[in-house]
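Let me begin by presenting the structure, written as structure tokens, before commenting on it.
Throughout, read-outs are computed from the coordinates displayed, never taken from laboratory work. As the structure is a computational prediction, the values presented were derived from the model and not from experiment. Using ideal geometry, Cβ is built from the backbone for each residue, glycine included, and neighbour counts are taken over all protein chains shown.
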Amino acid sequence: MRVLVVENDRVTALGQVEVALREAGAEIVLCRPHAGEALPSDETSYDALVVMGGPQSAIDDEKHPYLPELADLMRRSGDAGKSVLGICLGSQLLARGYGAANLIGAAPEFGWCEIHPTDEGLADPVLASVGGTFPIFQWHSDTFTLPEGATHLAHNKVATNQAFRIGRAAYGTQFHFEVDRTVAEYWRDTFPDLMERMSPGWLDRHDDLGAAHGPDAEAAGIAIARAWVSTIAEGVALASAETVSRVD
């Protein structure tokens, strides 16, 4: 199981996604286009694609000229039936790749927030792993419209499109389900000024908020991560079966 992980910032943390990938014995291949590394031109050498968050907007092509290519890579991978995961900026790029609009500055949200699965989310093989409403970490200002043909999986009062699936297993989550309390503390220590601007007073309340919401958020996050990782093996099996069928 070979998984390409695209980082969009130097402080990206795979967090609970890495836990689930390591449990499954995945080989993780990192690509850092924000640091000048080239994106692979051929997605066939990977079984899955993960695109993480970052501070840039999904349409800031002037400052980050690799973004259109990354959005296209996500769509090609999804169309090929591979498992794709876009988190925060990654979800906005997945939406872009499938023709949806990015809405800049339309939905600022920060900290542990509630997410509500839709009826389709409750029946989805990944989101159903959580069961119902759950807390999860958020840090974003932008949002997106739902791509044509996508299944709407989750929402909350700030952003209507918190999660969606398109095709077999291309998932976008606006929320950071990879973030556990260790990652949250790392970000707190790295970006205190940014956090204070996003939510004045949050730094002073961090410990209490983490104690109140962290355990349930981590339980939801690892469940989602493991459920998504399970779709990779399913995709590999389907691809192998199709290859055998063509040979026969």
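Can you give me the Cα centroid spacing of region 111-182 and region 1-33 in angstrom? Here the two parts' Cα centres lie 20 Å apart. Approximating the spin labels as points 7 Å out from Cα along Cα→Cβ, the Ala101-to-Leu122 distance works out to 3.1 nm. Computed on the chain, with alpha-carbon pairs under 8 angstrom and 6+ residues apart, the relative contact order is 21 percent. The order of Ile224, Ile28, going from fewest to most other C-beta atoms within 10 Å of their C-beta, is Ile28, Ile224. Grouping the Cα pair distances of region 2-247 into 5 Å bins from zero gives a pair-distance distribution of 1, 7, 14, 19, 21, 18, 11, 5, 2, 1, 0, 0, 0 percent in increasing distance order. Computed over the Cα atoms of region 64-194, what is the ratio Rg over Rh, Rh following Kirkwood? Taking Rh as the inverse mean 1/r over Cα pairs, Rg/Rh reads 0.96.
Exposure proxy shown here: for Leu93, Leu70, the number of other Cβ atoms within 10 Å sets the order, fewest to most, as Leu70, Leu93. Fewest-first ordering of Met52, Met198 by other beta carbons within 10 Å of each residue's beta carbon gives Met198, Met52. Converting the Cα gyration tensor eigenvalues of region 75-114 into ellipsoid dimensions via √(5λ) gives semi-axes, longest first, of 23, 14, 6 Å.
Taking every DSSP beta bridge that has both ends in the chain, the antiparallel portion is near 55%. Modelled this way, with points 7 Å down the Cα-to-C-beta line, the labels at Ile28 and Arg205 are 3.2 nm from one another. When exposed loop sites are taken as trypsin sites (Lys or Arg not before Pro) in a DSSP loop with at most 13 other Cβ atoms within 10 Å, the longest stretch of the chain clear of them is 64-156. Compute the FRET efficiency between Glu62 and Glu185 as 1/(1 + (r/R0)^6), taking r as their Cβ-Cβ distance and R0 = 35 Å, and round to the nearest 0.05. After rounding, the FRET efficiency stands at 0.55. Full extension of the chain between Thr145 and Ala237 yields a length gain of 29.9 nm, computed as 0.36 nm times the residue separation minus the alpha carbon distance. Within region 162-181, list the residues whose amide N lies under 18 Å from a label point set 7 Å along Cα→Cβ of Ala212. Within reach of a label on Ala212: 181.
Put simply, the Cα atoms of region 74-141 extend 32, 31, 17 Å along their principal axes, the longest span coming first.
Translational diffusion of region 143-248 was estimated from the Stokes-Einstein equation, with Rh taken as the Kirkwood radius over Cα pairs; at 4 °C and 1.567 mPa s the coefficient is 78 µm²/s.
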